[in-house]
Amino acid sequence: MLTHTQMKNNFFGIFFAIFAAVGTLFCAIGFFSWSADQTIKRNGIKTTGTVVSFSSSSKGGRAPVISFMTQSGESRTYYSSTYSSPPSYDEGENVTLWYLPNDPDEVVLSGLDSWLLPGIFGGMGLVFGAIGYGGFIWRWRRKRLNDWLRLHGQIIMADVVDVRYNTSLSVGGKHPWMIIAQYFEPQSQKVYSYESDNIWFNPAPFMSPGQKVTVRVSPKDYGVYEVDTSFLPKQGN
């Protein structure tokens, strides 16, 4: 059975995985939408159409209805599915469009129609992907740093100055705890502050007055560190 801490770690792994998957899906939709439009522009026939009317959505947006002539002299009407308020064109306005000669219903308009869906899905994909993949990269880099510090880090003893909630993080309505420690480095005459990783129980009862904690720091930069909380008891299920 998983411990409480393992469940929390699994939660964040699933959280980042969902965001990464959604980001990838949205970017793929945005790319294929853009690619489809580019295919029509590349293989289609460029012509000019006229806005003859508008269709309306239930939310008040308006999409242009375009009349154009094909190369063979056939009159066609294209109903845009891109609604906006105010509308992106005026009635009677001439607009550039591309259509496929073997399927004149496949149309791409210049302007808003050609970039709206790729832009929306691509932008959302980048946001979700940045959170998901960024979270994985951060966890990977943090693990690599901690492994390096355990092998090559310099050990210092820092004074515990506070134990408090990490209010920037909440899981199931609960905040984790953090140990805050300080160390005065006499050679540089600088004070360094250190925060432990998240602890999912109150560590204060297991600490004594004047408690010091072990901190592993980079010999070249005391601001690169890991607070050792192995002195605390393991959390039960």
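At a glance:
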read-out: Given (1) open to solvent by less than 50 Å² (accessible area, probe 1.4 Å); (2) touching a residue at least 24 places away in the same chain (Cβ under 8 Å); (3) of a type in the set (D, E, K, R), index of the condition Asp228 fails; value: (2)
read-out: Test result for Asp113, free of Cβ contacts under 8 Å to residues at least 40 places away in the same chain and either β-branched (Val, Ile, Thr) or outside any helix (DSSP H, G or I) (or both); value: no
read-out: Region 140-183, residues that are among the aromatic types (Phe, Trp, Tyr) and over 27 Å from Pro205 (Cβ atoms); value: Trp140, Trp148
read-out: Qualifying residues in region 3-24 (those that are touching a Gly at 6+ places or on another chain (Cβ under 8 Å) and among the aromatic types (Phe, Trp, Tyr)) - the one modelled with the lowest pLDDT; value: Phe12
read-out: Subset of region 216-237 (residues that are over 33 Å from the mean Cα position of the chain (by Cα) and of a type in the set (A, V, I, L, M)); value: Leu232
read-out: Residue satisfying all of: in region 99-139; acidic (Asp, Glu) and open to solvent by 30 Å² or more (accessible area, probe 1.4 Å); farthest from the chain's Cα centre (by Cα) among these; value: Asp103
read-out: Where a residue in region 34-53 is under 15 Å from Pro104 (Cα atoms) and its partner, wherever it lies, is of a type in the set (D, E, K, R) and open to solvent by 40 Å² or more (accessible area, probe 1.4 Å), with Cβ under 7 Å and at least six apart; value: Ile40/Glu106
read-out: Of all residues making up region 118-151, the number that are in contact (Cβ under 8 Å) with a residue 12 or more places away in the chain and touching a strand residue (DSSP E or B) at 6+ places or on another chain (Cβ under 9 Å); value: 4
read-out: Ser193 vs. criteria exposed (fewer than 14 other Cβ atoms within 10 Å of the Cβ), of a type in the set (S, T, N, Q) and either touching a Phe, Trp or Tyr at 6+ places or on another chain (Cβ under 6 Å) or in a strand (DSSP E or B) (or both); value: yes
read-out: Subset of region 140-162 [over 18 Å from Tyr192 (Cβ atoms) and surrounded by 11 or more Cβ atoms within 10 Å (Cβ to Cβ)]; value: Arg142, Asp147, Trp148, Arg150
read-out: Scan of region 91-110 for residues that are more than 14 Å from Thr50 (Cα to Cα) and part of a loop (DSSP other than H, G, I, E, B), ordered by number; value: Pro101, Asn102
read-out: Qualifying residue in region 205-215 (condition: under 33 Å from the mean Cα position of the chain (by Cα), open to solvent by less than 60 Å² (accessible area, probe 1.4 Å) and of a type in the set (Ser, Thr, Tyr)); value: no
read-out: Qualifying residue in region 165-187 (condition: at pLDDT below 95, surrounded by fewer than 17 Cβ atoms within 10 Å (Cβ to Cβ), over 25 Å from the mean Cα position of the chain (by Cα) and assigned to a loop (DSSP other than H, G, I, E, B)); value: yes
read-out: Condition met for Ser84 (in contact with a helix residue (DSSP H, G or I) (Cβ under 7 Å, 6 or more places away or on another chain) and among the small types (Gly, Ala, Ser)); value: yes
read-out: Residue check, Phe16 of a type outside the set (Val, Ile, Thr) and open to solvent by less than 60 Å² (accessible area, probe 1.4 Å); value: yes
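The values are calculated or read from the model by the stated rules, or taken from the named source; none is laboratory data. A quick note: this is a predicted structure, and the numbers were derived from the prediction, not measured. Note: ideal-geometry Cβ built from the backbone for every residue, glycine included; neighbour counts use all protein chains shown. Side chains included, ligands, DNA and RNA excluded: accessible areas come from the protein's heavy atoms. Shrake-Rupley method; radii C 1.70, N 1.55, O 1.52, S 1.80 Å.
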